[in-house]
Amino acid sequence: MPENTVQYMPECKRDESIPGICKLHLPSARQSENIYSLYRQDGGWAWAVLLSSMISHIILMGITFSFGVYFIVLKEYFNATAMQTLWIGCINTGLVLGGGPIAAITLNKFGCRPSIIVGGLLAALGFLLSYFVTNTYQLMLTYGLVTGLGFGLVYTPCVVMVSNYFNKWRYLATAIACTGEGLGFVIFPIIFNLEIEHYGWRGSMIVNAGIVLNLVVCGFVMKPCQTDRAIVKMDLIDASLLKDFWMFLFAFSMIFWNIGTIVFHFIVSDYLIENNIETGKAIYFLTIMGVANMIGHPFAGLTVLLPSLPHANKWIYVTSVLIYGTGTLLFVLDTTMPKNMYHS
């Protein structure tokens, strides 16, 4: 019997009207549906959920981490400082990755599907409002707060739904869904650049609103898995895991990992332009990073196929952090590196 599968035994109750006879109480229609859904994990509609989750990751993470394209344009358009412009993307990203407690409230109250649909609508509204802004502070509210909150309501349910629909291949399915992040890094810098060239940055916000509405479609695809209702219920504040030293160390590491990678994604294109690299080539660098990210996610998921190496995923994470940190240091310290990279 598959792991984590509940075996249902029909209940036998004694019939007092006929001595020695038991009535066999079969499950109700609702119970039968719940039992059946246990066995349809890792197949059937689970593939549609996986595809929808992957598309959602492409859209929300691709848009979020490609803000570096807008960083260049908005800083020049509003004649703002780098810090002011950076706050727009940082608020957005902070709500996407740090909006877990907010998403938990909607998950516990309404479920995954409504959370994703409302999040998609809210993110699209943020882009529409961004068309009318007149300064960076208003963009912090529209693009940063409203769109970021919408993306935050989508991100967590997408991960939860994949976990609900996959049992045996849960680890690998989650890695495949998250591969959409890398694919988003690849395509959205190019899309943003084309939008800005043809419609200006304001017109691109309208186009982005239309793209983001696809999250609503993905939300409708993710129908609830009844048997996993208990899995969806999450505590808003549960610090019990942090009592474990290694878990606390990992969480502490992830905080600095996200701070370092997010800021680098936002400012690297502007840094390259300041080093006399053409704008198109500077934006193309984000696409290269996206390709590497897209390749890395499936490899991390394949560690589930290596039972003889139980800590393989840990060493992959440590090695990745070491390579990324070393590469970033060399990139910044060697001022000739950006030029040599493109002109050699």
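The values are calculated or read from the model by the stated rules, or taken from the named source; none is laboratory data. Quick caveat: nothing in here was measured; it's all calculated off a predicted structure. Virtual Cβ from ideal backbone geometry, glycine too; neighbours counted across all protein chains shown. Remember, those area values only see protein heavy atoms, side chains included, never the ligands or the DNA or RNA. Shrake-Rupley method; radii C 1.70, N 1.55, O 1.52, S 1.80 Å.
Just a few scattered comments:
- Listed residue pairs exceeding 21 Å between alpha carbons, taken from Lys243/Lys314; Lys109/Lys168; Lys168/Lys243: Lys109/Lys168; Lys168/Lys243
- Note that segment 42-112 presents 38 Å² accessible area per residue, ligands and nucleic acids not counted, probe 1.4 Å.
- Segment 63-204 shape via C-alpha gyration tensor axes, a/c threshold 1.5: prolate
- Ordered by 1.4 Å accessible area with all protein chains kept, Leu121, Leu149 run largest first as Leu121, Leu149.
- Segment 156-198 shape via C-alpha gyration tensor axes, a/c threshold 1.5: prolate
- Per-atom-type breakdown for segment 49-184 gives carbon and sulfur 74% of the accessible area (1.4 Å probe, protein chains only).
- Summarising the label geometry, the points placed 7 Å from Cα in the beta-carbon direction at Thr279 and Ile105 lie 4.0 nm from one another.
- Quick note on segment 109-180: its Rg to Rh ratio, both from C-alpha atoms and Rh being the Kirkwood radius, is 1.14.
- Sites matching chymotrypsin sites (Phe, Trp or Tyr not before Pro) across segment 112-171 that sit in DSSP coil, with at most 12 neighbouring C-beta atoms within 10 Å: Phe132
- Taking every protein chain into account, the accessible area of segment 156-213 amounts to 36 square angstrom per residue (probe 1.4 Å).
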